[in-house]
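Note sheet for the following structure.
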Amino acid sequence: MSHPSVAGNADSDFLPASRPSLPDLESCEEWLTTASMGDSRQACAAFILQIGELAASPPRHAIYLQILERLRPLAKGALIENARRFAGKAVPLSPTEQTALQQAFDLCRVMMRSYRRLLRAATRSEPPTPASRELRDDIALLAARTIEFAGLQIDNFYRARHDVPDECWRLLHECYSTADTLGVSQVALGQPGRHPRRMETAMSLYVRPLLQSMAHPYGLPLRESQWLGGWLRKWSAKVLIVNPGRSRPSGDQAAWGFDINGTAAPHWMPADAAGHDDAPDNAVRRLDTTELRRSLRKRLLALEAGKSPSEIGLGADCVQPAAGELLKVLLNTWCSAPATPRFPRRAATQGSTAVVAAAGLIGAHAVISGKAFEQEVRIWDYTRRGAAYQQSEDRLDANALATAAPTAPDPVAVAEAWQLVDESAVGFRLIRQSAGARLAQRQLLAVRPHGAAQFILSEVRWLTQGCDQSVTVGTQALPGLATPCAVRPATADPSRPAAFVQALLLSVGRGLPPTLVLPSGSYQPERVLELRMEGGIRRIRLSGLAGRGYDYDRVAFSASA
């Protein structure tokens, strides 16, 4: 499945058709009552088709805008539902998930183009003047809508953990540049019932994807990503976009900035690079996050004082301490220079980029042990003659073995070829060009660098799927050297033991206690397990949860009496 296509024809001015697809708002309402919208996929497909027909046979400009405004909230609702099919999923996406992402992209694109055509038609003459307030408000609305759907395209890519195509950033910057040139970037959109300071503007809509790109979106869990989306809608109005060429004193400050004529997300610009240019076509822009910094600090102080996240406007679904931790990360990320890494990264040298990796607990167990997992299987036959149980392992056939024991992967089969991009003392950045296992955030990944004798048990901290279907991940090593083992629940009846499952023992040395990596959901306080290693079987008691990932629990344990 290919990456969503971003190619298309340029927008242009247009004349209304003699027989428009939807001639008036009443015909739009009739279409809504008959359109097939049983689920989000059907709804997206119906909107894409109908808005495409509108573009081919448009009504008069005023009617066209009314129809788009009627369809806009419904189309956004379909986008939100459709995003559930691909948001936070393992990569590479499945064909069904990739199709959902393509639909979301297409719907955003046709909505953006429709509003953009109306904007160009409205500004064919002279730009709006202060006296033409009604025209100015209409142009501000059209400019804001183009930015909104251009930003939603980028939001969908981040939610799907896909690289954002350069073309999407170019379109977003171009849409805002148009609004800024027309002088409507800070005109508040009329929204009944909303406080004037919370009204959306073209600038606030433009700031949302910029802040999102700065918040390390490929490393956020799905829950925190959803929180961030709600917070961006509240806080984007607190950020100003400054042209240093027009503001020389503030241009000497370091800040997050970008090239408005470029094709990239914002990046940190030191004081000597965030500056100004006397040329009229200066393209450097920077973000002023002064008000945003005050708001974040105020909320952090409220959380420290014992207030709940919902009391300070973070949302009813936000919980502590995760909400406070995310706020601290955002404060440091948005409002200050990037922190110097504790462990600097080193680029891979030529000849040492080959890496072998295996995903998941079962795959990691297979490559670390170097052999297939052996399940202890005992089948007992009841003999009527002696009324006794007799062990019959020698009569165990292949079908019975397959039923009694879980299948064990071949260590060679689960090992995948990756390339090392760079590394630090605590992890690796890897890229895989060929097809392979799907990966999720916080999933186990056993990594063996070039020339290493042992695998390093790691977890995926962030990941993204490229336009060429490649997968790039950032990993962090779990503490300790992994040793393969097996566990099963302890039972009072030794004649009916439970099946063993794969586990890994992490020995950290230096007198520190080891931890145990178990399948996800295995941890229960004070649970008693039987641990099988080469030295035999012993009973252990789980004493604490040291960490939890996508497919594992890392637990502390002690010997059980």
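For this structure, a couple of remarks:
- Cys318 fulfils the conditions (1) outside any helix (DSSP H, G or I); (2) surrounded by fewer than 18 Cβ atoms within 10 Å (Cβ to Cβ) except for a single criterion, (2).
- Selection of the stretch 327-341 for residues being within 21 Å of Thr290 (Cβ to Cβ) and not small (Gly, Ala, Ser) yields Leu327, Lys328, Val329, Leu330, Leu331, Asn332, Thr333, Trp334, Cys335, Pro338.
- Residue within the stretch 113-135 that is hydrophobic (A, V, I, L, M, F, W, C), outside any helix (DSSP H, G or I), more than 17 Å from Ser225 (Cβ to Cβ) and over 16 Å from the mean Cα position of the chain (by Cα) present: yes
- The residues listed here are Gly466, Gly427, Gly511; of these, the one that is of a type outside the set (Ser, Thr, Tyr), in the same structural domain as Ala364 (by TED's automatic domain parsing) and modelled with pLDDT under 90 is Gly427.
- Residues that are surrounded by fewer than 17 Cβ atoms within 10 Å (Cβ to Cβ) and of a type in the set (D, E, K, R) within the stretch 508-547 comprise Arg510, Glu526, Glu534, Arg538, Arg539, Arg541, listed in sequence order.
- From the options Ala46, Ala78, Ala62, Ala55, residue that is touching a residue at least 24 places away in the same chain (Cβ under 8 Å), of a type outside the set (Ser, Thr, Tyr) and within 15 Å of Cys28 (Cβ to Cβ): Ala55
- Within the stretch 156-172, the set of residues being crowded, with 21+ Cβ neighbours inside 10 Å and either part of a helix (DSSP H, G or I) or among the charged types (D, E, K, R) (or both) comprises Asn156, Phe157, Tyr158, Arg159, Arg161, Cys168, Trp169, Leu171, Leu172.
- Residue in the stretch 481-494 that is touching a strand residue (DSSP E or B) at 6+ places or on another chain (Cβ under 6 Å) and closer than 30 Å to Tyr158 by Cα present: no
- Selection of the stretch 15-47 for residues being aliphatic (A, V, I, L, M) and either more than 26 Å from Asn82 (Cα to Cα) or assigned to a helix (DSSP H, G or I) (or both) yields Leu15, Ala17, Leu25, Leu32, Ala43, Ala45, Ala46.
- Selection count where residues are assigned to a strand (DSSP E or B) and among the polar types (S, T, N, Q), scope the stretch 417-441: 1
- Listed by first and then second residue, the pairs linking a residue in the stretch 478-503 that is closer than 20 Å to Glu526 by Cα and assigned by TED's automatic domain parsing to the domain that holds Arg554 to a residue that is surrounded by fewer than 14 Cβ atoms within 10 Å (Cβ to Cβ) and among the hydroxyl-bearing types (Ser, Thr, Tyr), with Cβ atoms under 9 Å apart and 6 or more places separating them unless they lie on different chains, are Pro497/Thr491; Ala498/Thr491.
- Residue within the stretch 13-24 that is at pLDDT below 95, within 33 Å of the chain's Cα centre (by Cα) and surrounded by fewer than 16 Cβ atoms within 10 Å (Cβ to Cβ) present: no
The values are calculated or read from the model by the stated rules, or taken from the named source; none is laboratory data. Note that this is a predicted model, so its numbers are computed, not measured. As a convention, Cβ positions derive from the backbone with ideal geometry for all residues, glycine included, and neighbour counts pool all protein chains shown.
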